[in-house]
Structure formats: structure tokens, C-alpha cells
Number of protein chains: 2
Amino acid sequence: MAQREVDLDSSVGYALKQAATALRAAMEAALEPLSLTVTQYSCLELLGQRPGLSAAELARGVFVTRQSMQSVLQGLQDRGLLSRSTAPQGRALPTQLTPAGTDLLGRASRAIAGVESRMLQDRSAAEVARLRADLAACVTALEGRQP
Amino acid sequence: MAQREVDLDSSVGYALKQAATALRAAMEAALEPLSLTVTQYSCLELLGQRPGLSAAELARGVFVTRQSMQSVLQGLQDRGLLSRSTAPQGRALPTQLTPAGTDLLGRASRAIAGVESRMLQDRSAAEVARLRADLAACVTALEGRQP
DNA sequence: TGCGCCATGTCAGGAGTCTGACATAGGCTG
DNA sequence: CAGCCTATGTCAGACTCCTGACATGGCGCA
């Protein structure tokens, strides 16, 4: 039958990459007026919703390494958007948003909410929830084990 | 009501990034025994299904720039996996897989097909098709225009 | 108490990708 | 036909992120 192993036109993986790429581009465009990168915004958003997270926990939540998160935090700290407790190495240091950080995060969140609503236009709440659940199921299936 | 603009636990964008990250990690693990990166595999797969594509067209299909695709193609060419016609600049040069490239692509495709089937385990064909259509709709909605 | 183990923060180096720029080929329009 | 515009291939530079490595703090267990 010469059935193709992977067909681009019906591959969910390819569609997933396409969607993630388009979303990232839209987010970059929306955040550009605020001088924020997607990684920086993700970090602020996560910190806003889970105050006191350590750098390593932030890194896992934003899908980058601790080393990368370090420079991201440094940049945000230099802009006065967040504060980190200084302490010896080897210890988890909680991080918090400053008032300026909270303010900027608010504007960024509104911009990103606009992007997400545009992405999901003409979808019912149930359809959106279903899509989100489908994606979450993909994650758990992939993380289960890799034979 | 203090409704949060963006809620991580219900954000489709966050779930999308999570899924794309998990998929990429699984693909890297599956391709590692073949000494192929995800970008290299994507390039080979696209070339296998659309023979004769130019470097610029490949770049768009794999979501990288022409400049990045150049070094990817150079590496694959050095390994004897594909051949490019040499000609003056400013002209679209078709690219083809060599027999060795076709052979390696076959093995890589099987590995990636395994990843995708694991990602979609316990899903009916209709559910898979629906998920793919949902993702495609997100792409078109995002690319429509950015106000 | 002491030891091993894991997690965190940090420093240095390298691989991959992107932005900017240039020359050339092809196509469209006047 | 000439001129303009777009697209392609390519070179150079910079940036981001990752891998590797190290020292330290917290925790469980003998």
C-alpha cells in the first residue's frame, strides 16, 4: 500500500508546530510595544500567579533551563520589575514582582488575552475547554515513558 | 470580579506551548540514535514529500529563516543525504534526496510515527482529525491580521 | 551525628538561530 | 525595451539558549 509513515497534511505534530509558531509570532508582535520578549512575559505571568517561586521553579514553568532563567531574571530585575532575595548558593530564593512589575504585567496580560481570544475566535467555551484538554492529554501521553 | 486576564490553568496558549515542548523533546529522543536533529529531520521529511523544493521554500516549511536553512542543508549535504544544484545566486535551486537520504528518512519517519502515535494513543481517528482541524483553525485565525 | 543524594544558584563555553546586508535572477508595468 | 519590485542565495555579526561543570544548602537514612 506504500502508506506514508508521516504525512504532513494530516500530521498532528506538524499542525502543533505550526500553531505554536504562529502563536509565538503573534505574542511577539503584541508584546513588542511593551519591550517584552515572550520569555520575559511568561516569567512575569507565572510569577504573578504563583508569587514567591524560585528561579528553578520559574524555569520549569517557562520551559527553559535554570541558566537561561538566570539571565532573564537579571534583565527584569535591572528594569525594576521584580526583586530577588540575595542569599548564599544552593538555596531556593523566592522571587516577587515589584509594583512596576505588577503594572507592566497587567498591560501585557491584556495584550496577550487579546491574542488568545483572536486565536480562539468563533469557538464556544466548551470547544475551547475540549481543545485544552486534548492538548493536556498529548502532554501526559508523551511524558508517560519513551520506549 | 477581578477576573484574571490570563489564567495558566485554563490558557490554551500555555497548553499549546506545553504540548509543543513535550513533542519536541520526544522527537529529539527518538531521533538521537540516528544522529539527526529535529530541524534536520523536518527538512528531510519535507523534501521527501515535496521533492525539488528550493532552500527558501524548505525554510518556510520548517519555520526557520533562509540563513538557518542554509547551514542545515550544508550539514545534510556533507553527510551525503541530499544534493543541490549549484548555480549563480538569485535563482531558486531545487534540492533532492540521495538514496542514502531516502533510506535514513525512512528510518526517521518510522521513529517519528511512533512518537506521534504515542502522543495520540487512545484517540479515535475522528478525534485526531478534529484536533488537527482545531489547530489549523488557530493558525488561520492568528495569521488573519494583527490589530 | 555523619554520610550520601538531590536541588539550587552560578560561571564558562559552544551550538543554533536570527537580524542585517549585498548581489543576482525573474516578473510585472509603464 | 527599460525600470522597478520581489524573491533567492549567501556572507558576516550578534543574540539567545543550551550543555557541562562546580560549590553550597536541605533532606533522608544508617
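The values are calculated or read from the model by the stated rules, or taken from the named source; none is laboratory data. Only a predicted model underlies this, so the values are computations on that prediction, with no experimental measurement involved. Neighbour counts run over all protein chains shown; Cβ positions are idealised from the backbone, glycine included. These area figures cover heavy atoms from the full protein model, side chains too; ligands, DNA and RNA do not enter into them. Shrake-Rupley method; radii C 1.70, N 1.55, O 1.52, S 1.80 Å.
A few points about this structure:
- With θ taken as phi - 60° and the Karplus curve 6.51 cos²θ - 1.76 cosθ + 1.60 applied, the whole-hertz 3J(HN,Hα) list for region A:117-127 is 5, 5, 5, 9, 4, 6, 10, 6, 4, 5, 5 Hz, x standing for glycine and proline.
- Helix-only arithmetic for the protein assembly as shown: the sum of -39500 (n - 2.57) across DSSP H runs with n ≥ 4, divided by the residue total, places the mean residue ellipticity at 222 nm at -21000 deg cm²/dmol.
- The charge dipole of region B:23-147, taken about its Cα centre with unit charges on the Cβ of Lys, Arg, Asp and Glu (plus for the first two, minus for the last two), comes to roughly 280 debye.
- Residue among B:Gln121, A:Thr37, A:Gly13 farthest towards the positive dipole end of the protein assembly as shown, charges placed on Cβ: A:Thr37
- With θ taken as phi - 60° and the Karplus curve 6.51 cos²θ - 1.76 cosθ + 1.60 applied, the whole-hertz 3J(HN,Hα) list for region B:33-45 is x, 9, 6, 10, 8, 4, 5, 4, 4, 4, 5, 4, 4 Hz, x standing for glycine and proline.
- Selected from B:Thr39, B:Thr102, B:Thr21 as most flexible by GNM, with chain B as the system and alpha-carbon contacts under 10 Å: B:Thr21
- Cα centroid separation - region A:1-46 against region B:55-134, whole Å: 17
- Rounded to the nearest angstrom and listed largest first, the equivalent-ellipsoid semi-axes of the protein assembly as shown from its Cα gyration tensor are 36, 23, 20.
- Surface per residue (accessible, 1.4 Å probe) for chain A, Å²: 53
- Cα gyration tensor category, rounded, prolate or oblate, for region B:51-147 with a/c compared to 1.5: oblate
- Average partner coverage of A:19-32, which counts Cβ from other chains inside 10 Å: 5
- Label 7 Å beyond Cα on the Cβ vector: B:Thr98 copy-to-copy distances, nm: 5.7
- For region A:10-27, 3J(HN,Hα) computed residue by residue from phi via the Karplus equation (6.51, -1.76, 1.60; θ = phi - 60°) reads 10, 7, 5, x, 5, 4, 5, 5, 4, 5, 5, 5, 5, 5, 4, 4, 5, 5 Hz, glycine and proline entered as x.
- Distance from the B-onto-A rotation axis is smallest for the Cβ of the chain B residue given, in whole Å, as B:Ala20, 2.
- Note on the protein assembly as shown: with charges restricted to the Cβ of Lys and Arg (+1) and Asp and Glu (-1), its dipole about the Cα centre is near 320 debye.
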